[in-house]
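These notes concern the structure reproduced below.
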Amino acid sequence: MANPFQEIRNNQQFYFENTLRKSSLFERKQKLKKVKKWIKGNESHIIKALYDDFRKSPEEVRIAEIKPVISEINDALKNLRDWAAPQRVKTPLYLLGSKSHIILQPKGLNLIIAPWNFPFNLTIGPLISAIAAGNCAVLKPSELTPNCEQLIVRMIIELFPPEEITVITGGVEETTQLLELAWDHIFFTGSPQVGKIVMKAASNHLTPVTLELGGKNPVIVDNTANLKDTAQKLIWGKLINNGQSCVSPNYVLVHSKIKAKLIIELKKAFTKMYGQTKEEVQSNNELTRVVNKHHFKRITSLIDKSIEQGANVIIGNEINSDDNYISPTILDNITTSSAIFKDEIFGPVLPLIDFQLLDDATSIINKEEAPLALYIFSSSKKNTKNIIRNTSAGTTAINETTIQFIHGNLPFGGNGHSGIGRSHGKYGFTAFSNERAILKQLRGFTTIKLIYPPTNKFKRFIIRFMTWRM
Ligand code: NAD
């Protein structure tokens, strides 16, 4: 059976070859300005769509869905000329006479597949990089946040012809069909499990991929940490989007000496931010809901199993299945065998595991796949340096969580199981560009003529000289 998306792809290819390939930086900037204007004019619609999908608060939508996209646009508008400028490179002695540089050209046809947790930001954010780099794109937003999906459909119809940018809605079936086609780049954000499917499909056409994946982000709190500050930052970082964030702290390795004090501070920070009583917490509009029943059951079952295995509930574990509500939950007495430790939690649960030696903490981390984010809370430069040197992660924040994601000058991405490639700002622009190497030789001259066949004694000498200090 013919692929239902083949024609869309072919139309984009025609448009890219005949129109977009020749587009100027000025034209790209005009498109980015158009997108910015649309977002500003539709802010209330974006906020409503995300509230309807999973009760995301207007404040969170502004900070974590709209602001990062606007920042991407502003960054590109400011820096596009620099990013796209040809980069001169030095000439090695043996190529004397030639001159070389690198140009960044648009890759062409791009498939952008997005998850549900930041459904606007993670669909439109990569699109900004793709537009800045001069590309066509097919967007596949998540089917699990249908209001945002429909908003993105309307947005793209209003802004672009389908042969330049279009949206395909749907789930596994549609994504599988899209992945059968040949693209010039696939930018996927989602789980490592589906990341493997994407990479396998991409290999059929040798398509380059950016995989922005997830995983279990560890936190180390050592015995020198400022515990009040640590607790506030952990509660905030954990409860953005109700823990449904790829950079959410997944488990806390806490020095046994200061664990009791950290627990006191965590309780204080939580009640200050989200309410004193169960009722206050449940009715707090700043707590997003778990996205659907499937994830609600998955998370509650992980909590229940962990309690059966000996976990203590420090706060939370109030549920309401009508509303997919799980109150923010902190679990103590967790070990690496606990159910809650096994996978990325992606929900409002923070497990605490104690350690005595820093080496024990880093060895727990190193037995797992390399995380997307590692967080260190410490006042000791020596401990911080040791932790960084002895572990591996896509990103790391010291005495902070989460905000490395919104720093436009830092590359964002994982390491192996947590991702391949980098996004944001210049790094996103480069992901959607082909770095083309250009070498220009003088007419009638090349040092390489000195070694053209047939070889003789003099040429052998030259070759030995050229390879002498390799
Ligand atoms: P997911 O992998 O289930 O889905 C992502 C996309 O893939 C969706 O558009 C979905 O329709 C599609 N998809 C799902 N199953 C598929 C299949 N079998 N074949 C083809 N396509 C399929 O991820 P999710 O549940 O939407 O998002 C949560 C995951 O994403 C978490 O692991 C989280 O850590 C990760 N994430 C990573 C980042 C990052 O920037 N690194 C950001 C957000 C989320």
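The values are calculated or read from the model by the stated rules, or taken from the named source; none is laboratory data. Bear in mind the structure is a predicted one, so any value in this text is a computation, not a measurement. Every residue, glycine as well, gets a Cβ built from its backbone with ideal geometry; the counts of neighbours run over all protein chains shown.
Restricting the range 76-124 to residues that are more than 29 Å from LEU144 (Cβ to Cβ) and among the charged types (D, E, K, R), the residue that is surrounded by the fewest Cβ atoms within 10 Å (Cβ to Cβ) is LYS90. The number of residues in the range 325-339 that are in contact (Cβ under 8 Å) with a residue 60 or more places away in the chain and farther than 17 Å from TYR274 by Cβ comes to 2.
Residues that are within 11 Å of the ligand (Cβ to nearest atom) and farther than 13 Å from PHE188 by Cα were ranked within the range 416-432; the one that is nearest to the chain's Cα centre (by Cα) is HIS424. May I ask you to list pairs of residues, at least six apart or on different chains, whose Cβ atoms are under 8 Å apart, with the first in the range 190-204 being at negative phi and the second being polar (S, T, N, Q) and assigned to a loop (DSSP other than H, G, I, E, B)? Listed pairs, sorted by first residue: PRO192/SER418. For residues that are within 20 Å of the chain's Cα centre (by Cα) and not aromatic (Phe, Trp, Tyr), scanning just the range 329-347, find the one that is farthest from GLN193 (Cα to Cα). The extreme case among them is GLY347.
Within the range 304-331, being charged (D, E, K, R), in contact with a helix residue (DSSP H, G or I) (Cβ under 7 Å, 6 or more places away or on another chain) and outside any loop (DSSP other than H, G, I, E, B) holds for one residue alone: LYS305.
How about the range 320-355: which of its residues are over 23 Å from GLU369 (Cα atoms) and either aliphatic (A, V, I, L, M) or within 16 Å of the ligand (Cβ to nearest atom) (or both)? Passing the criteria: ASN324, ILE326, ILE330.
Restricting attention to the range 278-315, the residues being among the aliphatic types (A, V, I, L, M), over 18 Å from LYS267 (Cβ atoms) and touching a Phe, Trp or Tyr at 6+ places or on another chain (Cβ under 8 Å) number 3.
Applying the condition of being crowded, with 23+ Cβ neighbours inside 10 Å and within 13 Å of the ligand (Cβ to nearest atom) to the range 213-222 and asking which residue is modelled with the lowest pLDDT yields GLY215. Tallying residues that are within 14 Å of the ligand (Cβ to nearest atom) and in contact with a Ser or Thr (Cβ under 8 Å, 6 or more places away or on another chain) within the range 124-141 yields 7.
Based on this model, can you work out whether ILE47 counts as β-branched (Val, Ile, Thr), in contact with a Pro (Cβ under 9 Å, 6 or more places away or on another chain) and surrounded by 13 or more Cβ atoms within 10 Å (Cβ to Cβ)? Yes, satisfied. Given the structure, is THR207 outside any loop (DSSP other than H, G, I, E, B), surrounded by fewer than 23 Cβ atoms within 10 Å (Cβ to Cβ), touching a residue at least 24 places away in the same chain (Cβ under 8 Å) and hydroxyl-bearing (Ser, Thr, Tyr)? No; evaluated as a whole, the condition is false for this residue. Identify all residues within the range 1-44 that are assigned to a loop (DSSP other than H, G, I, E, B), surrounded by 15 or more Cβ atoms within 10 Å (Cβ to Cβ) and hydrophobic (A, V, I, L, M, F, W, C); write none if there are none. Across the range 1-44, the qualifying residue is only PHE5. Name the single residue, out of those in the range 243-255 being under 16 Å from LEU331 (Cβ atoms) and either away from the ligand (no atom under 16 Å from the Cβ) or among the charged types (D, E, K, R) (or both), that is surrounded by the most Cβ atoms within 10 Å (Cβ to Cβ). The extreme case among them is VAL254.
Of the residues making up the range 278-303, those that are touching a Pro at 6+ places or on another chain (Cβ under 9 Å) and either part of a strand (DSSP E or B) or among the aliphatic types (A, V, I, L, M) (or both) are VAL281, LEU287, VAL290, ILE299. Of the residues in the range 51-70, at least one is farther than 18 Å from THR288 by Cβ, surrounded by 14 or more Cβ atoms within 10 Å (Cβ to Cβ) and touching a residue at least 24 places away in the same chain (Cβ under 8 Å). If you go through the range 166-212 and keep only what is within 20 Å of PRO371 (Cα to Cα), near the ligand (Cβ under 8 Å from one of its atoms) and of a type outside the set (A, V, I, L, M, F, W, C), you end up with THR189, GLY190, SER191, PRO192, GLN193, GLY195, GLU212.
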